[in-house]
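Down below is the structure, laid out as structure tokens.
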Amino acid sequence: MKMLIIGGGGREHAIAWKIAQSPKVEKIFCAPGNPGIADYAQCLNIDVNDITSLLTFAYEEQIDLTIVGPEAPLVAGIVDVFEDHDLRIFGPSKVAAQLEGSKQFAKEIMEKYDIPTARYASFNEAKAAKDYVRKHGVPCVIKADGLAAGKGVVVAFTEQDALSAIVTIMEDKAYGEAGLQVVIEEFLEGEEVSILAFTDGKTIMPMVSSQDHKRIFEGDEGPNTGGMGAYSPAPVYTSEIKKITEERVLAPITRWMKEEKISYHGIIYAGLMITKSGPKVLEFNCRFGDPEAQPVLMRLESDLVDIMLAVTEGRLSDQEISWSDDASVCVVLASGGYPGGYEKGKIIEGLDKVDEAVVFHAGTREVDGKVATGGGRVLGVTAKGSSIHEAINKVYPEVAKISFDGMQYRKDIGQKALKRTSK
Ligand code: AMP
Ligand code: GLY
């Protein structure tokens, strides 16, 4: 089969690494890809949002399966366009992708299907939003309704922070149209977990659990990032929490897809807060998490292409999906200054010395035949072990072999899991 992956980060590298192991795959293309992905795929100079060029390429090359990594082309409706041209593509339809593309839309679905989530109010006028904050107080969470590259959410502990978030989103329009509306949520306390699942619109098959580390500094301090590391499984996701999540979150989403005839052939990702009163949904995403895809796909034993074909053909319920009992840990190496401004083009040393982990490239580029930094999150070093403890002990010595000017990473990835399992 000829495959096309859309995207060029750590998530897409993990997808490429996994599908390259499938005997069904003859050739992989990736748009735009990166120097790590180039080990498995022919990289194309096409932007992920250039749907017309992606379609033309897939059509002319007779691609058998296109896999969409990031949310932006999904929310823009790439799946509908490909399907209209009889091209097989893995991802939700434009309507289904609204689950991630509009916080307000997701809240309405959760309300309608009685899915546990934070209480909220939504506004399309800054003044009303500010009045609400003044009346209801803090802490609260201010969210731009639309896609804001992971930056449109502010957890506010002071009224000043809440009000200035409203100004940034609604008055300064920092995220453009994404901020025409804001959702203001009750602040939830607890530990977060990411539940990614395959779905064909009729059946939802959850993957193993994982936990991201969103803040830049150790101990969950500092600003939010795209994710500084992740591990799988997450012990906070006990069998009891799993049962509740399946009944109260995944089953109602299946009902939504069936009752409203939603065409969804891809990944659904529930970001949960495990609170004292049980799991509550923070957000839905319509794609693999990044970095969660790295540790989760490291544990997938089944052929990912078989699963994706079953998803696109609506026969997911027949699939047996097997997972390794091993745990996995992914440590993200980021550019100095990230998530604020940072320099690019720093030469990365030591990649060839890594032998006990897989290094997924997130933001890299080639400079004079060498691999250099090209983004905020640069690499995701991922290792497996018989426990989280072992995987941590394996991954950090591998991280230490890699260096580039300004490199920063968290040394506490997986520590929350250790506290729970006391291993
Ligand atoms: P979201 O994009 O909606 O998942 O929000 C990004 C991050 O903000 C989440 O991963 C949480 O860390 C935090 N967050 C979002 N909503 C809430 C909430 N209601 N209470 C506490 N933290 C939240
Ligand atoms: N790691 C969080 C996300 O992919 O949205």
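Exactly one residue among I6, I46, I15 is modelled with pLDDT of 95 or more, open to solvent by 20 Å² or more (accessible area, probe 1.4 Å) and aliphatic (A, V, I, L, M), and that residue is I46. Has segment 369-378 got any residue that is outside any strand (DSSP E or B), open to solvent by 50 Å² or more (accessible area, probe 1.4 Å) and closer than 22 Å to G8 by Cβ? Checked against the condition, which is being outside any strand (DSSP E or B), open to solvent by 50 Å² or more (accessible area, probe 1.4 Å) and closer than 22 Å to G8 by Cβ, segment 369-378 yields at least one hit.
For segment 125-169, the set of residues classified as open to solvent by 20 Å² or more (accessible area, probe 1.4 Å) and either closer than 29 Å to V48 by Cα or basic (K, R) (or both) consists of K127, K130, R134, K135, D145, L147, A149, G150, K151, V153, V154, T168, listed by residue number.
All conditions but one from (1) closer than 15 Å to E186 by Cβ; (2) in contact (Cβ under 8 Å) with a residue 24 or more places away in the chain apply to R134; the one that does not is (1).
Would a scan of segment 179-198 turn up a residue that is of a type outside the set (K, R), open to solvent by 10 Å² or more (accessible area, probe 1.4 Å) and within 16 Å of ligand 2 (Cβ to nearest atom)? Checking segment 179-198: at least one residue is of a type outside the set (K, R), open to solvent by 10 Å² or more (accessible area, probe 1.4 Å) and within 16 Å of ligand 2 (Cβ to nearest atom).
So which strands (runs of 3 or more DSSP E) are wholly in segment 173-290 and hold at least 1 residues that are small (G, A, S), under 25 Å from T66 (Cβ atoms) and modelled with pLDDT of 95 or more? The strands (runs of 3 or more DSSP E) meeting that bar are 191-199, 264-275. Can you find a residue in segment 326-335 that is among the hydroxyl-bearing types (S, T, Y) and either free of Cβ contacts under 8 Å to residues at least 24 places away in the same chain or in a loop (DSSP other than H, G, I, E, B) (or both)? The answer is yes; a qualifying residue exists.
Pull up segment 229-266, narrow it to residues that are within 25 Å of V75 (Cβ to Cβ) and within 16 Å of ligand 2 (Cβ to nearest atom), then point me to the one that is surrounded by the most Cβ atoms within 10 Å (Cβ to Cβ). Going through the qualifying residues, I end up with A230. Only residues that are open to solvent by less than 40 Å² (accessible area, probe 1.4 Å) and either farther than 30 Å from G341 by Cα or part of a loop (DSSP other than H, G, I, E, B) (or both) were counted in segment 383-405, giving 6.
If you go through segment 52-65 one residue at a time, do you hit one that is of a type in the set (V, I, T) and within 21 Å of the chain's Cα centre (by Cα)? No, segment 52-65 contains no residue that is of a type in the set (V, I, T) and within 21 Å of the chain's Cα centre (by Cα). Within segment 138-147, none of the residues are within 30 Å of A310 (Cα to Cα), of a type outside the set (D, E, K, R) and away from ligand 2 (no atom under 16 Å from the Cβ).
For G278, the conditions (1) surrounded by fewer than 24 Cβ atoms within 10 Å (Cβ to Cβ); (2) within 16 Å of ligand 2 (Cβ to nearest atom); (3) among the small types (G, A, S) are fulfilled apart from (2).
Within segment 77-124, restricting attention to residues that are under 21 Å from R287 (Cα atoms) and of a type in the set (G, A, S), the residue that is surrounded by the fewest Cβ atoms within 10 Å (Cβ to Cβ) is G77.
The values are calculated or read from the model by the stated rules, or taken from the named source; none is laboratory data. Just so you know, these numbers come straight off a predicted model, no measurement behind them. Please note: Cβ atoms are built from the backbone with ideal geometry, for glycine as well, and neighbour counts cover all protein chains shown. Accessible surface areas use protein heavy atoms only, side chains included; no ligands, DNA or RNA. Shrake-Rupley method; radii C 1.70, N 1.55, O 1.52, S 1.80 Å.
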